[in-house]
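Here is the structure we will look at, set down as structure tokens.
The values are calculated or read from the model by the stated rules, or taken from the named source; none is laboratory data. Just so it is clear, the model here is predicted, and its values are computed rather than measured. Virtual Cβ from ideal backbone geometry, glycine too; neighbours counted across all protein chains shown.
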Amino acid sequence: MASKPSIMIVDDEEIVRTSLSSWLLEDGYDVVPVESGKLALEALKKKSYDLMLVDLKMPEMDGLELMKEVKKFLPDLPVIIMTAYATVDTAVKAIKEGAFDYLMKPFDPEEISITIKKIMKQQMLEQENIYLRKELAKQFQFHQLYSKNKKMQEIFELIKNVAKTDVTILIHGETGTGKELIARALHAESLRKDRPFVPVSCTSLTETLLESELFGHEKGAFTGASTMVKGMFEMADKGSIFLDEIGDISPKLQMDLLRVLETKEIVRIGSTQPIPVDVRVIAATNRDLGKAIANGIFREDLYYRLNVITIDIPPLREKPEDIPLLTEQLIEKVNRETGKSVKRVSQDAMALLMQYRWPGNIRELKNVIERSVVLAKEDIITLNEVGPCFGRNVKDGISSGGSADMSLDQMEKNHITSVLKNNNWNISTSAQILGIDRTTLYNKIRKYNLGEDNK
Amino acid sequence: MDTLPIPVRVLPSIESPVYAFDPDRKQYYSTKILRYIVNSHSDSALRTIGITAVDLFIPILTYVFGEAQLDGKAAIVSGARLKQEYYGLKPDKRLYVERLFKELMHELGHTFGLTHCDLSYCVMHLSNNVTGIDKKTATFCENHRDQLINKLKELEIPYGK
């Protein structure tokens, strides 16, 4: 059996505290009566409550002031304001400021009983809702990745299948699509999961520094090399190394890397002694390596060594169905980090998130959500928070391809085409984003003679 | 109908509890009467329960049918709102006695530590009006009967024989 629901009574009149307590005790609640707002705030820090019954008129801190304080750190705790002198004004004010209900003393036993039962039921449903949403999210979760997208689900399956082998994997995807998370999932699914996962960003360092970072150096190998330093490959021994932005490394490093992949040995800078390493290589790039080979800036042999299996991550604009799921997960994460308690994104703000093309992919979404959660004044993120995040980029992001000399009809046609394309011609989703009903959308498609082959 | 295996002693009536009368509400403060009963409780009895014809209230509620010391010695039940006449209906003595019996069992249940029951047929179900009282039965649900038996066992009183 679940523990008893807990109710705090805050009233300066002892007679009210005792009579209400004994009545609620008979109802099986755990009741804590306190006599002032100050004591109530102290008590709230010691244990959690399901409901507060607060008297409106109390010396020092009145009921509304107390409720305001409580809502600052427990925004979801239902508060019932009680008063012997009810006026419409105070009732409206109490409800406006977040009271669940406003009851006049003395209560009708039926009324108070029903109100409390209603609150408890609502609390239970909310808890159940949170639990079910979490369970549902789990279905679409793979390690730290969340996706409902079919292509992504196939990638999760592929990772499960190939992770336990030692084949080299090349991850391809635009910036911000979560290449490192895919690499981490591969490592976590592999037999090497208890050994190190070493990520290296190949763009952030100069050629010589990256070389020393990857392979290490002996003492005195170069000016400033006062001690021997192990490289990332040695540190990743028996584990995995993740080489991010592999398309950006110099021809010399490409050759060194090819040698490591072929011989499974590294040589520290300043040494001639090969050191065997047992490392699974996962590489990633946002470049088209095929084109880089054709342009002679990437070695073909290295490409084939790396590209035993390729994982192609779709950009966020190709999986808009993931935006609500990712948004929810990101809100939860930022709430945890910042102590905020944002619950969701308003419908119009979500429509904007779904419509945007996300050139920066999930990383960009993460930034928008982080900013919005921090700025949110209520527990819902609205257009007020989301809108300014896009600033002047919003037009580029939505990319309806307008120009100054274009007619309104042409603009509309372009915009509808763009939304339809972004949503794989899903009429319902597109109509929702466009803010029109499905019939209107069909009429517009007919009017502009749009078809799936429309460019 | 559930009964408790405990002999009942009927004490002589006492005077109307004027000390508990609230002239503003024109009702009697049940906790004050309960306190009186607790003070006059004799240890030769297991529990003392008062029955009154006056309408009862506690300060926070407009009325109560009765009040008990949860896991205590005494309880009080009012018959005022259990009578059909209170609602402008024809008197019905049988119904009145039935309601009174249910409320007595209910308040006695509280004195044995029982709290309200979610099951609508259990006598420990909270009834805020006579329709609710009429809906519930005069018996305890399985769970509350078990709790009661355990409590009686603690008090070394056999139950169910």
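Data table
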quantity: Some residue of region A:43-55 being touching a Gly at 6+ places or on another chain (Cβ under 7 Å), within 14 Å of chain B (Cβ to nearest Cβ) and of a type outside the set (Phe, Trp, Tyr); calculated: yes
quantity: Condition broken by A:Ile81, with the remaining ones in (1) buried (at least 20 other Cβ atoms within 10 Å of the Cβ); (2) more than 22 Å from A:Gln122 (Cα to Cα) satisfied; calculated: (2)
quantity: Residues (in contact with a helix residue (DSSP H, G or I) (Cβ under 7 Å, 6 or more places away or on another chain) and either surrounded by fewer than 20 Cβ atoms within 10 Å (Cβ to Cβ) or not in a helix (DSSP H, G or I) (or both)) located in region A:183-208; calculated: A:Glu189, A:Ser190, A:Lys193, A:Pro196, A:Phe197, A:Val198, A:Pro199, A:Val200, A:Cys202, A:Thr203, A:Leu205, A:Glu207
quantity: Pairs with Cβ under 8 Å, 6+ apart, first in region A:1-29 and within 10 Å of another protein chain (Cβ to nearest Cβ) and over 10 Å from B:Pro59 (Cβ atoms), second polar (S, T, N, Q) and not in a helix (DSSP H, G or I); calculated: A:Leu25/B:Thr115; A:Glu26/B:Thr115; A:Asp27/B:Thr115; A:Gly28/B:Thr115; A:Tyr29/A:Ser6
quantity: Cβ pairs under 8 Å, 6+ apart, first in region A:79-92 and closer than 18 Å to B:Ile60 by Cβ, second basic (Lys, Arg) and not in a helix (DSSP H, G or I); calculated: A:Met82/A:Lys105; A:Thr83/A:Lys57; A:Thr83/A:Lys105; A:Ala84/A:Lys57; A:Ala84/A:Lys105; A:Tyr85/A:Lys57
quantity: Meets criteria (of a type in the set (D, E, K, R), in a helix (DSSP H, G or I) and over 30 Å from A:Phe142 (Cβ atoms)) for A:Lys219; calculated: no
quantity: Unique residue being within 23 Å of A:Glu126 (Cβ to Cβ) and modelled with pLDDT of 90 or more when the list is A:Met67, A:Met61, A:Met1; calculated: A:Met67
quantity: Test: A:Ile112 is assigned to a helix (DSSP H, G or I), surrounded by 15 or more Cβ atoms within 10 Å (Cβ to Cβ), of a type outside the set (Lys, Arg) and within 14 Å of chain B (Cβ to nearest Cβ); calculated: yes
quantity: Flag if B:Arg47 is of a type in the set (Lys, Arg), in contact with a strand residue (DSSP E or B) (Cβ under 8 Å, 6 or more places away or on another chain) and either within 27 Å of B:Arg25 (Cα to Cα) or within 13 Å of chain A (Cβ to nearest Cβ) (or both); calculated: no
quantity: Subset of region A:339-356 (residues that are among the charged types (D, E, K, R) and either at pLDDT 90 or above or part of a helix (DSSP H, G or I) (or both)); calculated: A:Asp348
quantity: Given (1) within 11 Å of chain A (Cβ to nearest Cβ); (2) more than 24 Å from B:Glu98 (Cα to Cα), index of the condition B:Val38 fails; calculated: (1)
quantity: Members of region A:33-53 that are crowded, with 16+ Cβ neighbours inside 10 Å and either hydroxyl-bearing (Ser, Thr, Tyr) or within 24 Å of B:Tyr29 (Cβ to Cβ) (or both); calculated: A:Pro33, A:Val34, A:Glu35, A:Ser36, A:Tyr49, A:Leu53
quantity: Selection within region B:117-141 - closer than 15 Å to B:Phe65 by Cβ, assigned to a loop (DSSP other than H, G, I, E, B) and out of contact with any helix residue (DSSP H, G or I) (no Cβ under 6 Å at 6 or more places or on another chain); calculated: B:Leu126, B:Asn129, B:Lys136
quantity: Which listed residue is within 30 Å of A:Lys319 (Cβ to Cβ) and touching a Lys or Arg at 6+ places or on another chain (Cβ under 9 Å), from A:Asn129, A:Asn149; calculated: A:Asn149
quantity: Residue within region B:104-111 that is touching a residue at least 40 places away in the same chain (Cβ under 8 Å), surrounded by 22 or more Cβ atoms within 10 Å (Cβ to Cβ), in contact with a helix residue (DSSP H, G or I) (Cβ under 6 Å, 6 or more places away or on another chain) and not hydroxyl-bearing (Ser, Thr, Tyr) present; calculated: yes
quantity: Pairs where the first residue, in region A:247-272, is of a type in the set (Gly, Ala, Ser) and the second is in a helix (DSSP H, G or I), C-beta under 7 Å, 6+ apart; calculated: A:Gly247/A:Leu289; A:Gly247/A:Ala292; A:Ser250/A:Glu207
quantity: Among the candidates A:Ile155, A:Ile130, residue that is in a helix (DSSP H, G or I) and in contact (Cβ under 8 Å) with a residue 60 or more places away in the chain; calculated: A:Ile155
quantity: Helices (runs of 4 or more DSSP H) completely within region A:234-338 that count 2 or more residues being in contact with a strand residue (DSSP E or B) (Cβ under 8 Å, 6 or more places away or on another chain), assigned by TED's automatic domain parsing to the domain that holds A:Gly360 and not small (Gly, Ala, Ser); calculated: A:322-338
quantity: Single residue of region B:50-60 satisfying the filter (away from chain A (no Cβ under 14 Å) and not hydrophobic (A, V, I, L, M, F, W, C)) that is nearest to A:Leu25 (Cα to Cα); calculated: B:Gly50
quantity: Restricting region B:106-161 to residues that are within 12 Å of chain A (Cβ to nearest Cβ) and charged (D, E, K, R), the residue that is farthest from the chain's Cα centre (by Cα); calculated: B:Asp118
quantity: Output for region A:407-452, where each listed residue is within 23 Å of A:Asn149 (Cα to Cα) and surrounded by fewer than 17 Cβ atoms within 10 Å (Cβ to Cβ); calculated: A:Lys421, A:Asn424, A:Trp425, A:Asn426, A:Ile427, A:Ser428, A:Glu452
quantity: Spans of helices (runs of 4 or more DSSP H) in region A:1-92 with at least 3 residues of a type in the set (Lys, Arg); calculated: A:37-46, A:63-73
quantity: Hits in region A:232-263 (condition: closer than 21 Å to A:Val162 by Cβ and exposed (fewer than 15 other Cβ atoms within 10 Å of the Cβ)); calculated: A:Lys238, A:Glu262
quantity: Test: residue in region A:215-228 that is acidic (Asp, Glu) and within 12 Å of A:Arg268 (Cβ to Cβ); calculated: yes
quantity: Condition broken by B:Ile133, with the remaining ones in (1) over 17 Å from B:Val64 (Cβ atoms); (2) in contact (Cβ under 8 Å) with a residue 60 or more places away in the chain satisfied; calculated: (1)
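One line per residue, one yes/no per condition, for (1) of a type in the set (S, T, N, Q); (2) under 16 Å from B:Tyr28 (Cβ atoms); (3) within 9 Å of another protein chain (Cβ to nearest Cβ):
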residue	(1), (2), (3)
B:Thr62	yes, yes, yes
B:Gly72	no, no, no
B:Ala75	no, yes, no
B:Tyr87	no, no, no
B:Val97	no, no, no
B:Leu100	no, no, no
